[in-house]
Amino acid sequence: MNKVLKFGIAPVPMQRARSLAIAAGTRQRVKDEPNVWFPSVAAMARVLSDENMALLKVIRESHPDSMDALAKAVGKHVPNVSRSLHTMAQYGLVKLTKHGRTVMPQVTAKGVTVDFSWGG
C-alpha cells in the first residue's frame, strides 16, 4: 500500500468532456494528473470527513476482518459504517473484499493529494 491517490476537482461537464476526449483519442491522459475526480470541494470534503478519516485510521491500524468488527471498534451501527465504506470504495479509498457473507475492508492508499489546478 504505497500508492497515493491524486484527487482532482472539476465540474461534471468538464469531467465528462475530458473522459470523452480521452476515449476518442483527441486527448492523452497525462501521467501526473488526478486519477479520482470530485465535482466540488464540498463533495470531496464529505468523503474525507473526520468520521471517514477515523474509519480509515482504524482500518489501517487494526485490520478488522469484517464491517461488523470495524463498526464495533468505532462504536457505530453497521449500516452507517457500511454506507461510509461503500462511498469511500467508489472513490478508491478502500477495497471491500467479500469472504462468504463477510466483507473485509482494506485501505488502498497511504495518502491522497489534491490538484486544484485550472488545467483543461
> Which members of the range 75-90 meet the condition of being within 28 Å of residue 7 (Cα to Cα) and surrounded by fewer than 18 Cβ atoms within 10 Å (Cβ to Cβ)?
Replying inline: 76, 78, 79, 80, 83, 86, 87, 89, 90
>> Which residue is modelled with the highest pLDDT, if the candidates are limited to the range 31-57 and must be within 28 Å of residue 18 (Cβ to Cβ) and of a type in the set (Asp, Glu)?
In response: 33
> Which one of these does residue 39 not meet: (1) in contact with a Ser or Thr (Cβ under 7 Å, 6 or more places away or on another chain); (2) of a type outside the set (Val, Ile, Thr); (3) closer than 14 Å to residue 91 by Cα?
Replying inline: (1)
>> Condition check: more than 16 Å from residue 63 (Cβ to Cβ), part of a strand (DSSP E or B) and without any contact (Cβ under 8 Å) to a residue 60 or more places away in the chain. Does residue 76 satisfy that?
In response: no
> When you look at residue 96, is it surrounded by 13 or more Cβ atoms within 10 Å (Cβ to Cβ) and either of a type in the set (Phe, Trp, Tyr) or farther than 30 Å from residue 17 by Cβ (or both), yes or no?
Replying inline: yes
>> Report every pair of residues separated by at least 6 positions or lying on different chains whose Cβ atoms are under 6 Å apart, first residue within the range 30-51 and farther than 15 Å from residue 84 by Cβ, second hydroxyl-bearing (Ser, Thr, Tyr) and modelled with pLDDT of 90 or more.
In response: 36/91
> Among the candidates 26, 97, which residue alone is assigned to a loop (DSSP other than H, G, I, E, B) and without any contact (Cβ under 8 Å) to a residue 40 or more places away in the chain?
Replying inline: 26
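Conditions (1) modelled with pLDDT of 95 or more; (2) assigned to a helix (DSSP H, G or I); (3) within 23 Å of residue 15 (Cα to Cα); (4) charged (D, E, K, R), marked per residue:
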{"residue": "59", "(1), (2), (3), (4)": "yes, yes, no, no"}
{"residue": "72", "(1), (2), (3), (4)": "yes, yes, no, yes"}
{"residue": "86", "(1), (2), (3), (4)": "yes, yes, yes, no"}
{"residue": "113", "(1), (2), (3), (4)": "no, no, yes, no"}
{"residue": "118", "(1), (2), (3), (4)": "no, no, yes, no"}
>> Quick check on my filter: what residues within the range 1-13 are in contact (Cβ under 8 Å) with a residue 12 or more places away in the chain and in a helix (DSSP H, G or I)?
In response: 12
> Given the conditions (1) under 20 Å from residue 111 (Cα atoms); (2) more than 14 Å from the chain's Cα centre (by Cα); (3) of a type outside the set (S, T, N, Q), and given that residue 23 satisfies all but one, which numbered condition is not satisfied?
Replying inline: (1)
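Residues checked against (1) in contact with a Pro (Cβ under 9 Å, 6 or more places away or on another chain); (2) hydrophobic (A, V, I, L, M, F, W, C); (3) over 17 Å from residue 112 (Cα atoms):
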{"residue": "5", "(1), (2), (3)": "yes, yes, no"}
{"residue": "21", "(1), (2), (3)": "no, yes, yes"}
{"residue": "26", "(1), (2), (3)": "no, no, yes"}
{"residue": "40", "(1), (2), (3)": "yes, no, no"}
{"residue": "47", "(1), (2), (3)": "no, yes, no"}
{"residue": "57", "(1), (2), (3)": "no, no, no"}
> Among the candidates 16, 27, which residue alone is touching a helix residue (DSSP H, G or I) at 6+ places or on another chain (Cβ under 6 Å) and more than 17 Å from residue 91 (Cβ to Cβ)?
Replying inline: 27
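The values are calculated or read from the model by the stated rules, or taken from the named source; none is laboratory data. Computed from a predicted structure; not experimentally measured. Don't worry about glycine lacking a Cβ; one is built from the backbone with ideal geometry, like all the others, and counts go over all protein chains shown.
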